[in-house]
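The values are calculated or read from the model by the stated rules, or taken from the named source; none is laboratory data. For clarity, every value in this text was computed on a predicted model and none was experimentally measured. As a convention, Cβ positions derive from the backbone with ideal geometry for all residues, glycine included, and neighbour counts pool all protein chains shown.
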Amino acid sequence: MGRLVMHVDMDAFFAAIEQRDHEGYRGQPVIVGGLSGRGVVSTCSYEARRFGVHSAMPMVRARRLCPQGIFLPGRFERYRAVSREIFAIFARYAPVVEPLSIDEAFLDLTGMEHLMGTPLAYARKLKAEIREKTGLVASVGLAPNKFLAKLASDLRKPDGLVIVTPENMRAILDPLPVGRIWGVGRKTEQVLQRLGIRHIQELRGTPREKLAAAMGEHMAAHLLALADGQDDRPVAPREPAKSIGKEVTFPVDLQSQAEAEQVLLELAEKVGYRLRREGVKGRTVQLKLRLGNFKTYTRSRTLPEATCYDEEIYHVAQALYRSLGICQGIRLLGISVSSFDCDAELSLFAEQTQKKERLYAAIDRIKDKFGERGITKAQLLRKNK
Ligand code: TTP
Ligand code: MG
């Protein structure tokens, strides 16, 4: 039995959320990303795309192309929360959902034909529900495999809905540049171009040996299959991360408590930043410590309330470290946070938490712009006095 795969990808995701949340931004060129000199565009509204602005473009260039744009630093927790809402909808439409990024997923509809009326009606229903529940617009591709479904969702963006069938497949594939093949990056594209292959039609007509000589047997076979619309990869659900952690192995073993605690502080900052970027909070903090002779200790503590804040993580890790009573010969240190709290957003209403949210939002904006080294705990403590 053939597969039926749906690929859903939200339109201008971060920018669309900003337009939804702020009436004044609607119909305007909205650009979200790092606003500093070295920042890049995360994404922009379709109004901004008309000026030539696009993801990953240096922000200075975006400002030149679209001086009247509305430039925003981004609110990642907000985007995460909306993403969770969308994935909750996906989960009700298909038994197997494979998330690809914050705003896109594959849904395996194989064997559900009898439940959904026509695939077209089912896709329209999903789009309508997303629009109704979140106020956002999704583009959808339906096809017999993942490769074609992903390609299809992108063909008529925004608000697209494209169905690829064995009948229309070649007509859709043939005129597309090879760069549109999922997994063909700049490098492979250049190799293909040197062989005179620009469009999928030319790729399909290329002898396998000629391709293999340029890029190896494996890649050649893979690309030829895709050019022919063949793709056997199953839709595979991915478990969301259950913990977020960071560890470091030292070139020379640490020999003092002060050194170890300095490292723990840096690790706590990194883990906190990642938690906040993922929009999650965890209740269990684990410390890992390995000695030069590879003897390894792990200690953990579960907190009454979930956290994503550097100093809270650090204080627990520090206490766990001190409880071990080891100061010398430390080869590795690690911190991880787990037991994620699904209702963590609820605590945002507590006033104390709100203050912290704002402080950390400011810190994270700096980290987004200048990298994680942009601001350190020491500066944070001084600022907070
Ligand atoms: P995309 O789905 O690639 O882009 P998009 O949803 O903004 O626009 P569309 O799908 O309509 O073309 O990425 C989803 C989000 O991921 C995007 O809104 C912002 C973020 N993102 C980045 O932060 N950096 C990037 O380089 C890209 C491509 C996306
Ligand atoms: Mg998108």
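Note on segment 1-27: among residues that are β-branched (Val, Ile, Thr) and within 13 Å of ligand 1 (Cβ to nearest atom), the one that is surrounded by the fewest Cβ atoms within 10 Å (Cβ to Cβ) is Ile17.
Kindly indicate whether Val60 is in contact (Cβ under 8 Å) with a residue 40 or more places away in the chain and either more than 15 Å from ligand 2 (Cβ to nearest atom) or among the hydrophobic types (A, V, I, L, M, F, W, C) (or both). For Val60, the condition - in contact (Cβ under 8 Å) with a residue 40 or more places away in the chain and either more than 15 Å from ligand 2 (Cβ to nearest atom) or among the hydrophobic types (A, V, I, L, M, F, W, C) (or both) - is not met. The one condition from (1) among the hydrophobic types (A, V, I, L, M, F, W, C); (2) within 29 Å of the chain's Cα centre (by Cα); (3) over 15 Å from Leu333 (Cα atoms) that Ala212 does not meet is (2).
Being surrounded by 21 or more Cβ atoms within 10 Å (Cβ to Cβ) and aliphatic (A, V, I, L, M) is the filter here, so list the residues in segment 266-299 that pass it. Result: Leu267, Ala268, Val271, Leu275, Val280, Val285, Leu287, Leu289. Only one entry in Ala143, Ala171 is of a type in the set (A, V, I, L, M) and loosely packed, with under 13 Cβ neighbours inside 10 Å, namely Ala171. The residues on offer are Leu226, Leu264, Leu289, and the sole one that is over 24 Å from the mean Cα position of the chain (by Cα), in a strand (DSSP E or B) and in contact (Cβ under 8 Å) with a residue 24 or more places away in the chain is Leu289.
If you go through segment 297-340 and keep only what is assigned to a strand (DSSP E or B) and either among the acidic types (Asp, Glu) or not assigned by TED's automatic domain parsing to the domain that holds Arg283 (or both), you end up with just Glu305. Residues satisfying the criterion are present in segment 148-166 (criterion: exposed (fewer than 15 other Cβ atoms within 10 Å of the Cβ) and under 19 Å from Gly2 (Cβ atoms)).
Does at least one position in segment 248-267 carry a residue that is over 30 Å from Leu289 (Cα atoms) and out of contact with any His (no Cβ under 8 Å at 6 or more places or on another chain)? Among the residues of segment 248-267, not one is over 30 Å from Leu289 (Cα atoms) and out of contact with any His (no Cβ under 8 Å at 6 or more places or on another chain), which makes the answer no. Pairs linking a residue in segment 122-143 that is of a type in the set (D, E, K, R) to a residue that is buried (at least 22 other Cβ atoms within 10 Å of the Cβ), with Cβ atoms under 7 Å and 6 or more positions apart or on different chains, are Lys127/Ala138; Lys127/Val140. Residues considered: Arg198, Arg238. Of these, the only one that is under 30 Å from Ile313 (Cα atoms) and not assigned by TED's automatic domain parsing to the domain that holds Leu291 is Arg238.
Scanning segment 241-259 for residues that are of a type in the set (A, V, I, L, M) and either assigned to a helix (DSSP H, G or I) or within 30 Å of the chain's Cα centre (by Cα) (or both) yields Ala241, Ile244, Val248, Ala258. Scanning segment 83-92 for residues that are touching a residue at least 60 places away in the same chain (Cβ under 8 Å) and closer than 21 Å to Arg233 by Cβ yields one hit, Phe90.
Looking only at residues in segment 5-24 that are in contact (Cβ under 8 Å) with a residue 60 or more places away in the chain and part of a helix (DSSP H, G or I), the one that is nearest to ligand 2 (Cβ to nearest atom) is Phe13. Filtering segment 164-203 to residues that are in contact with a helix residue (DSSP H, G or I) (Cβ under 6 Å, 6 or more places away or on another chain) and not in a loop (DSSP other than H, G, I, E, B) leaves Leu173, Val178, Gly179, Glu189, Val191, Leu192, Ile200, Leu203.
The criterion of at least 3 residues that are closer than 24 Å to Ser153 by Cα and among the hydrophobic types (A, V, I, L, M, F, W, C) is met by the following strands (runs of 3 or more DSSP E) wholly inside segment 26-124: 30-33, 96-101, 104-108. Can you spot a residue in segment 84-105 that is aromatic (Phe, Trp, Tyr), within 16 Å of ligand 1 (Cβ to nearest atom) and in contact with a Leu (Cβ under 7 Å, 6 or more places away or on another chain)? Yes.
Screening Arg131 against (1) assigned to a helix (DSSP H, G or I); (2) within 16 Å of ligand 2 (Cβ to nearest atom); (3) under 30 Å from Gln201 (Cβ atoms) leaves a single unmet condition, (3). Kindly check whether there is at least one residue in segment 37-44 that is on the phi > 0 side of the Ramachandran plot and either away from ligand 1 (no atom under 11 Å from the Cβ) or at pLDDT below 95 (or both). No: segment 37-44 contains no residue that is on the phi > 0 side of the Ramachandran plot and either away from ligand 1 (no atom under 11 Å from the Cβ) or at pLDDT below 95 (or both).
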